[in-house]
Amino acid sequence: MRYHIGDLDHQKLRDLYLGMLKPRMIEEKMLILLRQGKISKWFSGIGQEAISVGVTQALKAEEYILPMHRNLGVFTSRNIPLHRLFSQWQGKRSGFTQGRDRSFHFGTQEYKIVGMISHLGPQLGVADGIALADLLGRKKRVTAVFTGEGATSEGDFHEALNIASVWNLPVLFCIENNGYGLSTPTNEQYNCENLADRAKGYGMESRIIDGNNILEVYTKVDELCKAMRKRPRPMLLEFKTFRMRGHEEASGTKYVPEKLMDKWAKKDPIANYESFLLEENIISQGEIEKLKEEISEEINENLKMAFDESPVSFDETKELNEVYQYFDYQHIEPIEELENIRFVDAISQGLEQSMYRHNELIIMGQDIADYGGVFKITEGFTSKFGKSRVRNTPICESAIVSTAMGLSINGMKAVVEMQFADFVSSGFNPIVNYLAKVHYRWNEKADVVIRMPCGGGVGAGPFHSQTNEAWFTKTPGLKVVYPAFPADAKGLLNTAINDPNPVLFFEHKGLYRSVYGDVPKDYYTLPFGKANLLRTGNSITVVSYGAGVHWAMEVLEKHPNIDADLVDLRTLQPLDMDTVFTSVKKTGKLIILQEDTLFGGIASDISAMVMEECFQYLDAPVKRVGSLETPVPFAKALEENYLPKQRFESELLNLYAY
Ligand SMILES: Cc1ncc(C[n+]2csc(CCOP(=O)(O)OP(=O)(O)O)c2C)c(N)n1
Ligand SMILES: [Mg+2]
């Protein structure tokens, strides 16, 4: 291996050596503990230390770094106290996730490290968001993110690189090409010579770097970071290296040809560099021994601290309370001045007033800038807030949701407009796995609202009509809002934007231009988790939300003899069951109307909870009414019969007569 010292001084040369030695020695210790059954899974970075250490040392302490599962050297280079790492791996409280997640699946704002989720790819988009926040804040910073060569096959990789290039984000995309993704060799993973070559297709620069040569890694990355801080732009780096151990320790390396192992063993980044330093008299054998002793002592002391810490104990209230970030709701009472506007205008107004209120709020979505979005909700926004805050995105829902997550990590707020709620499936993974779980895992907020123009009755067929709230009410960590009236839509959207937790905000397209209401002109908020009793009666309780509320009102108006309580839920998570229980205890009968297909929807859970809480008050079985168990059809005759409006009328009459 050839080393070029360039203008690095002896101290730096020694720092780089020490930087690699530490994670190697920790790993060697961990492998022993693993065999003794004292820690769980282990992903080895042995042989790849030069990349983690070289890149981290080239970054400034205030620059974010997003490592993967083989980057122990990132954590040690940021000087995290080792006992905290050890506690993390043992699932103890002084780790970073209080026993809630394992290995390197955590982040820490204190050390500006944002760890991975298992799904690999979303990391890349999160880096985009962090870099975007730095860019908008005119901070001359770089964000570095890691990926293996295997994960470059995920769509997230393509999406994140494309966004970074289109938006000129200073992200250092670091591919560690270590020959395998689990057991899959590179020739079964991709069919190009170098992954770095892909940069050309995204319109960005790239470099191929010998990932086993610490001086090459450090000097090249350092030089690139300096250039990117001056002139922000993304960079794709392909580090050629090799995975010297199994994917994780239990899975072995039988499938790796021995010759390949031998070839790469000769390129060990630490052994080679150590010989070089000795030859050049930059370090002496004695100093090396002393360093090793010191590290060994540090490891043992810190291990003792971690082992001495008692295992986590279960506290149900604590677990439940920490799924969401605490939100100190500030009620801002609407001022009397009202205007009669459409549902769509109310949303637009809320969004606009929130943009004035929160300078750190960014809106992203397809065609939302000058075009104003397909529903024209952001029409005119670019002239008021500029294109850097009202951002057109490429068609890439997954990486945009991840970008929103990154903005939040770096101190901003984001609203993402799904062009249609149906398309959220392309951004599903980061919503349910990243945004939803991040607070519970490592106490980080996901200050993101996802706007979801949804719903049927508009003759738009299976892919532009769904109301898919049940995909999200199922997932702890998300809040789900579903207003039925303009005034609620505005007040709840304002609250959603204030709330630091991830909110799915459903807007029924059918209501956009058909429903008018008196809406306070100025800014105001409405609380989550408070249903609205729209009309009162003693004989039957009707519960619904969204367009269903309007269908229920229509049917009830047609049958003035039915004296019903009508409950508009307004938010589905949190869900105001108290209002439902109180009503059912009074009326003794409950019918729940939801637009979505019936099975597995929120109506089923409301029904179950009412059975559990109010059984002795019920005079009839709880009735659920929803759409037919088919995709949403296009033709009028089919869609009319798919939707539950007509069935609701007959079921209401049946239950009333029961
Ligand atoms: C979406 C998803 N698919 C599959 C896996 C299982 N898995 C975890 S790591 C891995 C291999 C990753 O290979 P690579 O990106 O090259 O990283 P390396 O492990 O080599 O560092 C696989 C298949 C996963 N965690 N997430
Ligand atoms: Mg790999």
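The values are calculated or read from the model by the stated rules, or taken from the named source; none is laboratory data. Because the structure is predicted, anything quoted here is derived from the model rather than measured. Cβ coordinates were reconstructed from backbone atoms using ideal geometry, including for glycine residues, and neighbour counts include every protein chain displayed. Surface areas here come from the heavy atoms of the whole protein model, side chains and all, with no ligands, DNA or RNA. Shrake-Rupley method; radii C 1.70, N 1.55, O 1.52, S 1.80 Å.
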Practice task
Could you tell me which numbered condition residue 243 fails, if it satisfies all but one of (1) open to solvent by less than 30 Å² (accessible area, probe 1.4 Å); (2) farther than 24 Å from residue 34 by Cβ; (3) in a loop (DSSP other than H, G, I, E, B)?
Solution key: (2)
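One line per residue, one yes/no per condition, for (1) touching a residue at least 12 places away in the same chain (Cβ under 8 Å); (2) touching a Leu at 6+ places or on another chain (Cβ under 9 Å); (3) closer than 15 Å to residue 535 by Cβ; (4) hydrophobic (A, V, I, L, M, F, W, C):
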residue: 566; (1), (2), (3), (4): yes, yes, yes, yes
residue: 571; (1), (2), (3), (4): yes, yes, no, no
residue: 577; (1), (2), (3), (4): yes, no, no, yes
residue: 587; (1), (2), (3), (4): yes, no, yes, no
residue: 602; (1), (2), (3), (4): yes, yes, no, yes
residue: 611; (1), (2), (3), (4): no, yes, no, yes
Fill in the blank from the handout: Considering the range 185-205, residues that are open to solvent by 40 Å² or more (accessible area, probe 1.4 Å) and outside any helix (DSSP H, G or I), and then whichever is farthest from ligand 2 (Cβ to nearest atom), we arrive at 203
Exercise for the section: Among the candidates 474, 558, 585, single out the residue that is of a type in the set (Lys, Arg) and in contact with a Phe, Trp or Tyr (Cβ under 9 Å, 6 or more places away or on another chain). Expected result: 585
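Given the criterion crowded, with 18+ Cβ neighbours inside 10 Å, within 11 Å of ligand 1 (Cβ to nearest atom), within 24 Å of the chain's Cα centre (by Cα) and over 30 Å from residue 303 (Cα atoms), identify the matching residue among 159, 149, 176.
Working: 159 fails: within 11 Å of ligand 1 (Cβ to nearest atom); 176 fails: over 30 Å from residue 303 (Cα atoms).
Exactly one of 159, 149, 176 is crowded, with 18+ Cβ neighbours inside 10 Å, within 11 Å of ligand 1 (Cβ to nearest atom), within 24 Å of the chain's Cα centre (by Cα) and over 30 Å from residue 303 (Cα atoms), namely 149.
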Practice task
Go through 275, 313, 296 for me and flag whichever is under 34 Å from the mean Cα position of the chain (by Cα), surrounded by fewer than 17 Cβ atoms within 10 Å (Cβ to Cβ) and under 26 Å from residue 30 (Cβ atoms).
Solution key: 313
Practice task
With the condition kept exactly as written, say whether any residue in the range 632-645 is of a type in the set (Asp, Glu) and touching a residue at least 12 places away in the same chain (Cβ under 8 Å).
Solution key: yes
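Considering only residues that are open to solvent by 20 Å² or more (accessible area, probe 1.4 Å) and either in contact with a strand residue (DSSP E or B) (Cβ under 8 Å, 6 or more places away or on another chain) or under 22 Å from residue 441 (Cβ atoms) (or both), which ones fall in the range 41-62?
41, 43
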Fill in the blank from the handout: Note on the range 521-554: residues buried (at least 21 other Cβ atoms within 10 Å of the Cβ) and more than 20 Å from residue 605 (Cα to Cα) are 525, 526, 551
Problem - Subset of the range 252-270 [over 16 Å from residue 24 (Cα atoms), open to solvent by 50 Å² or more (accessible area, probe 1.4 Å) and touching a residue at least 24 places away in the same chain (Cβ under 8 Å)] - result: 255, 260
Exercise for the section: Name every residue in the range 621-656 that is of a type in the set (Ser, Thr, Tyr), outside any helix (DSSP H, G or I) and in contact with a Pro (Cβ under 8 Å, 6 or more places away or on another chain), in order of residue number. Expected result: 627
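Yes/no matrix, rows are residues, columns are (1) in a loop (DSSP other than H, G, I, E, B); (2) aromatic (Phe, Trp, Tyr); (3) modelled with pLDDT under 95; (4) within 16 Å of ligand 1 (Cβ to nearest atom):
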{"site": "54", "(1), (2), (3), (4)": "no, no, no, no"}
{"site": "61", "(1), (2), (3), (4)": "yes, no, no, no"}
{"site": "74", "(1), (2), (3), (4)": "no, no, no, yes"}
{"site": "99", "(1), (2), (3), (4)": "yes, no, no, no"}
{"site": "118", "(1), (2), (3), (4)": "yes, no, no, yes"}
{"site": "133", "(1), (2), (3), (4)": "no, no, no, no"}
{"site": "138", "(1), (2), (3), (4)": "yes, no, no, no"}
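What about residue 578, is it under 25 Å from residue 344 (Cβ atoms) and open to solvent by 30 Å² or more (accessible area, probe 1.4 Å)?
On the way: under 25 Å from residue 344 (Cβ atoms): no; open to solvent by 30 Å² or more (accessible area, probe 1.4 Å): yes.
No.
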Exercise for the section: Would you confirm whether any residue within the range 585-605 is closer than 21 Å to residue 468 by Cβ, in a helix (DSSP H, G or I) and out of contact with any strand residue (DSSP E or B) (no Cβ under 9 Å at 6 or more places or on another chain)? Expected result: yes
Handout entry: Lone qualifier among 99, 129, 121, 115 - being within 16 Å of ligand 2 (Cβ to nearest atom) and either within 28 Å of residue 427 (Cα to Cα) or surrounded by fewer than 24 Cβ atoms within 10 Å (Cβ to Cβ) (or both)
Key = 121
Exercise for the section: Determine whether residue 38 is surrounded by fewer than 19 Cβ atoms within 10 Å (Cβ to Cβ), of a type in the set (D, E, K, R), more than 16 Å from ligand 2 (Cβ to nearest atom) and not in a helix (DSSP H, G or I). Expected result: yes
Exercise for the section: Report yes if some residue within the range 63-83 is within 20 Å of the chain's Cα centre (by Cα), surrounded by fewer than 20 Cβ atoms within 10 Å (Cβ to Cβ) and touching a residue at least 40 places away in the same chain (Cβ under 8 Å); otherwise report no. Expected result: no
